[in-house]
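Visitor: If you scroll down you'll find the structure; I have some questions about it.
Values quoted throughout were computed directly from the atomic coordinates according to the rules given, and no laboratory measurement underlies them. Every value quoted in this text rests on a predicted model; they were computed, and no experiment measured them. Methodologically, a virtual Cβ is constructed for each residue, glycine included, from the backbone with ideal geometry; neighbour enumeration extends over all protein chains shown.
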Amino acid sequence: MTTLFLMVGLPGAGKTTRARQLAKEHHALRLTPDEWMIPLFGESEADGKRDVLEGRLLSLALEALRLGTSVILDFGCWSRDERSAIRWLVESAGASCVLVYVPVDPETQLARVAHRQSTTPDQTFPISEADLLHWRTLFEEPDAAELGGRDIGSPPPGWPGWPEWAADRWPSFM
Ligand SMILES: Nc1ncnc2c1ncn2[C@@H]1O[C@H](COP(=O)(O)OP(=O)(O)OP(=O)(O)O)[C@@H](O)[C@H]1O
Ligand SMILES: [Mg+2]
């Protein structure tokens, strides 16, 4: 069965490193937004463009699954709703979705970000320790039930379904 591996974790946790290994092991297509954002725009966020890019990559991922190719979606996915939406879409495409959570403690994270900045500055951007600490408070860590694939549940109140929620979260998703 084709599978979408969804990478989850904070910046510098080691997601892309793990994603590269998984892509090799499973002969899967790896989609890493930074590898598009940085060559296209010279930065990782660029004024909402990342959300637009991710919508296109998500559509591409679902198309690959329908064609029988497994995918590593290297998004980070800090919010539970983002993960639920992607899981719903993947299962609707007839594939299975595996969350790959890459946890990291603050000290290791800081060291990895510094290591990456010094070894591959062209593939990254400077991140301050204050940012790392702030982002950690925004991250919704997946719990055991979610990692075990419990029921996806409904989208937040007011949304008819996960596809509509996804098209709002990632403009250009269709
Ligand atoms: N298991 C590991 N042990 C030691 N170093 C690691 C490990 N995983 C990744 N690294 C190093 O840590 C740095 C960050 O890793 P990586 O780029 O994979 O993180 P990331 O989660 O993809 O970050 P981002 O969200 O910013 O894209 C890199 O320099 C990488 O070589
Ligand atoms: Mg990465």
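Visitor: I need the full set of residues from the range 46-73 which are under 15 Å from T32 (Cβ atoms) and touching a Pro at 6+ places or on another chain (Cβ under 7 Å), in order please.
Guide: R50, L53, E54, L57 - these are the residues of the range 46-73 that are under 15 Å from T32 (Cβ atoms) and touching a Pro at 6+ places or on another chain (Cβ under 7 Å).
Visitor: Which of the residues that make up the range 97-153 are under 21 Å from P33 (Cβ atoms), within 20 Å of the chain's Cα centre (by Cα) and among the polar types (S, T, N, Q)?
Guide: Passing the criteria: Q109, Q123, T124.
This table checks each residue for (1) within 16 Å of ligand 1 (Cβ to nearest atom); (2) closer than 26 Å to E129 by Cα.
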| site | (1), (2) |
| --- | --- |
| V8 | yes, yes |
| K15 | yes, yes |
| A19 | yes, yes |
| R30 | yes, no |
| K49 | no, yes |
| V52 | no, no |
| A61 | no, no |
| G68 | no, no |
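Visitor: Right, another one. Checking D34 against (1) closer than 27 Å to E129 by Cα; (2) more than 15 Å from ligand 1 (Cβ to nearest atom); (3) in contact with a Ser or Thr (Cβ under 8 Å, 6 or more places away or on another chain), which single condition isn't satisfied?
Guide: (2)
Visitor: Can you tell me how many residues within the range 134-174 are among the hydrophobic types (A, V, I, L, M, F, W, C), in contact (Cβ under 8 Å) with a residue 12 or more places away in the chain and farther than 15 Å from V90 by Cβ?
Guide: Looking only at that region, the number is 6.
Visitor: Could you check, for the range 30-52, whether at least one of its residues is more than 13 Å from ligand 2 (Cβ to nearest atom), under 15 Å from I86 (Cβ atoms) and touching a residue at least 60 places away in the same chain (Cβ under 8 Å)?
Guide: If we filter the range 30-52 for residues that are more than 13 Å from ligand 2 (Cβ to nearest atom), which is where we start, we get 39-43, 45-49, 51-52.
If we keep only those that are under 15 Å from I86 (Cβ atoms) as well, we get 51.
Subsequent filtering for residues that are touching a residue at least 60 places away in the same chain (Cβ under 8 Å) retains 51.
Yes, the conditions are met somewhere in the range 30-52.
Visitor: Please specify each residue of the range 2-21 satisfying the condition of being within 10 Å of ligand 2 (Cβ to nearest atom) and part of a helix (DSSP H, G or I).
Guide: Of the range 2-21, the ones within 10 Å of ligand 2 (Cβ to nearest atom) are 7, 9, 11-20.
Correct list: K15, T16, T17, R18, A19, R20.
Visitor: Taking helices (runs of 4 or more DSSP H) that fall entirely within the range 39-143, which contain at least 1 residues that are under 28 Å from H27 (Cα atoms) and of a type in the set (G, A, S)?
Guide: On the way: elements: 49-66, 80-92, 106-119, 129-138.
Where helices (runs of 4 or more DSSP H) fall fully within the range 39-143 and carry at least 1 residues being under 28 Å from H27 (Cα atoms) and of a type in the set (G, A, S), they are 49-66, 80-92.
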